[in-house]
Each structure stands twice: as C-alpha cells, then as structure tokens.
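The values are calculated or read from the model by the stated rules, or taken from the named source; none is laboratory data. These numbers come from a predicted model, not from an experiment. Because the Cβ atoms are built from the backbone with ideal geometry, glycine has one as well, and the counts that use them run over all protein chains shown. We work out accessible area using only protein heavy atoms, side chains counted, and drop any ligands, DNA or RNA first. Shrake-Rupley method; radii C 1.70, N 1.55, O 1.52, S 1.80 Å.
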Amino acid sequence: MLAIIDYDAGNIKSVEKAFLYLGQDVLVTRDPKEIYRADRVVLPGVGSFGDAIGKINEYGLTDVIRKVCDSDTPFLGICLGLQLLFESSDESEGVPGLGILRGKVKRIPDSKELKVPQIGWNNLKYPNEGRLFKGIDEGQYVYFVHSYYLDAEDKNIVKAQTEYGVTIDASVELGNVFACQFHPEKSSEVGMEILKNFINV
C-alpha cells in the first residue's frame, strides 16, 4: 500500500490519480499507524512553506515523517514536499523546516527575462546518477510550478538539476528518501516513468 500524507495541502488529488493509474493501492491519510504500515510514503504539496509546516505540526506529523525517513520505507517528496524536507526557506523566514536533509530553499531571483513563479516545462540534467531517472535520458522536460528553489548543501545527493536564471537542484536522493521540485504527476510520460521508478525502488 502507498500512503499519501494528507496535511491539507493542494495537489494531493492529482498525485493520488497518478499512482492509481499506475496500479497502486493508494491511501490518503494522516493516521500515523496507516503511514507506518505503508510500503511507500509520498509527501505532496502546493502552497506556503510556513503554512505547511504549521499544518504538519498541528496534525502531529513531524515525528511521523522523520521516522519514515529514518526507516527503510521509500519516501517521495513532491514540490513543496521537497522543500519541507530541508532546513529553511526564504518564503517563511524564521520557520524551521523538517531538517531531514541539509540545505536552504531560496527565492528564484527576479529578472527581466524570466517570470517568477516559474510555471512550465524545463529540461533536466543529471549531475549524479539517480534511481528515479533510470532509463530516462538526460534533457527530458518536466513540469514546474514554483517561486522558490532548493540549494542543497551536499551536492552528492542532487540527482537532477535545471536552469532558470540560476541552477536549481530539481531532485535529490539519499538512502530511502527521494524528492522532486517538479511535478512528475503532471509531466506526461516522463513523469509516469519517474513514478514507476519510485514504485520499483
């Protein structure tokens, strides 16, 4: 069973539909027992970093997420779900992230050439080999919607990057923990392949 953590974030439905399409038994839940019982756990999210951390704390999910990430259970953060795994974000100064991975989420710099938020397709390069991208050629396009980007402290965990006025750490992997800044569930066939690779980890 695959558990999608429900903390009142946007985008949960589209993630659920994608995994159902791939034949997974999916449960959207905030019940710790169900989350611990799951074979795989997904933390999706669209919205504000500070609000999301507030909801995660309110629902008593902080330690649950940390325990899953400390276990052998494959864990996937998507979009805001990636950002929450890190230490802090420019979006919500003074609000600590989950701190499961080291690094800071920064605002995409303003420029005349590029709109912020970044909304649309961008291609990936692979600075390090990652299991989510097995069988997927470098240069493939995926779908982003964000104003803030990850600058990971340890670049060895960065498995995909993209360029949008700055180098964006677009996907990370450390042990059983995976995360993508982009939306695989909205990234057509390439996104489905990424989700299949997560299922098959």
task: Please give, to one decimal in nm, the separation of the simple spin-label points placed at Val95 and Asp154, each 7 Å out from Cα toward the Cβ.
output: 2.6 nm
- request: Take the chain, connect every pair of alpha-carbon atoms lying under 10 Å apart with a spring to form a Gaussian network, then pick out the residue of Leu132, Leu84, Leu61 with the largest mean-square fluctuation.
  value: Leu61
query: Rounded if a/c is under 1.5, else prolate if a/b beats b/c, else oblate: with a ≥ b ≥ c from the C-alpha gyration tensor eigenvalues square-rooted, which is segment 102-169?
result: oblate
message: Tell me the carbon and sulfur percent of the accessible area for the chain, rounded to whole percent, probe radius 1.4 Å.
response: 46 percent
- prompt: What length, rounded to one decimal in nm, is gained on full extension from Asp8 through to Arg107, with 0.36 nm per residue of separation minus their alpha-carbon distance?
  reply: 33.3 nm
- request: On a C-alpha basis, how far is the centre of segment 41-87 from the centre of segment 129-177 in Å? Whole number, if you could?
  value: 18 Å
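Determine the calculated [θ] at 222 nm for the chain from helices alone, applying -39500 (n - 2.57) to every DSSP H run no shorter than 4 residues and normalising by the residue count; nearest 500 deg cm²/dmol. Could you put the intermediate results ahead of the total?
Working: 6 runs with 51 residues, N = 201.
Result for the chain, helices only: -7000 deg cm²/dmol.
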message: If I build a Gaussian network model for the chain, linking alpha-carbon pairs within less than 10 angstrom, which residue out of Gly120, Gly45, Gly103 has the largest mean-square fluctuation?
response: Gly120
field: Glu163/Asp72 FRET efficiency (R0 22 Å; Cβ-Cβ; nearest 0.05)
entry: 0.05
statement: Rounded to one decimal in nm, the spacing of the 7 Å Cα→Cβ label points at Lys134 and Ser147 is 3.8 nm
Leading residue at positive end of dipole, segment 48-201 (Cβ point charges), from Ile136, Ile108, Gln83: Ile136
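Apply 1/(1 + (r/R0)^6) to the Cβ-Cβ distance of Lys115 and Leu22, taking R0 = 30 Å, and write down the FRET efficiency to the nearest 0.05. List each step's numbers first, then the result.
Numbers: r = 32 Å, r/R0 = 1.07.
Here the calculated transfer efficiency is 0.40.
Taking the DSSP beta bridges in the chain as the whole, what percent of them are antiparallel, to the nearest 5? Display every interim value, and only then the final one.
Numbers: 21 of 37 bridges.
Looking only at bridges with both residues in the chain, the antiparallel portion is about 55 percent.
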message: Only sites in a loop by DSSP and with at most 15 other Cβ atoms within 10 Å count here; which trypsin sites (Lys or Arg not before Pro) in segment 97-201 make the cut?
response: Arg102, Lys112, Lys115, Lys134
message: Shape verdict for segment 82-201, please, from the Cα gyration tensor: rounded (a/c under 1.5), prolate (a/b greater than b/c) or oblate.
response: oblate
field: GNM flexibility winner over the chain from Val64, Val142, Val166 (Cα, springs under 10 Å)
entry: Val166
query: Magnitude of the Cβ-charge dipole of segment 87-133, K/R +1 and D/E -1, about the Cα centre, nearest 20 debye?
result: 180 debye
task: Place a +1 charge on the Cβ of each Lys and Arg in the chain and a -1 charge on the Cβ of each Asp and Glu, then give the dipole magnitude about the Cα centre in debye, rounded to the nearest 20.
output: 160 debye
message: Let's see if you can work this out: charge +1 on each Lys and Arg Cβ, -1 on each Asp and Glu Cβ, no other charges. What is the dipole magnitude of segment 1-64 about its Cα centre, in debye to the nearest 20?
response: 140 debye
- prompt: Can you tell which of Pro127, Ile199, Gly175 lies farthest toward the positive end of the dipole of segment 75-201, using +1 and -1 charges on the Cβ of basic and acidic side chains (Lys, Arg; Asp, Glu)?
  reply: Ile199
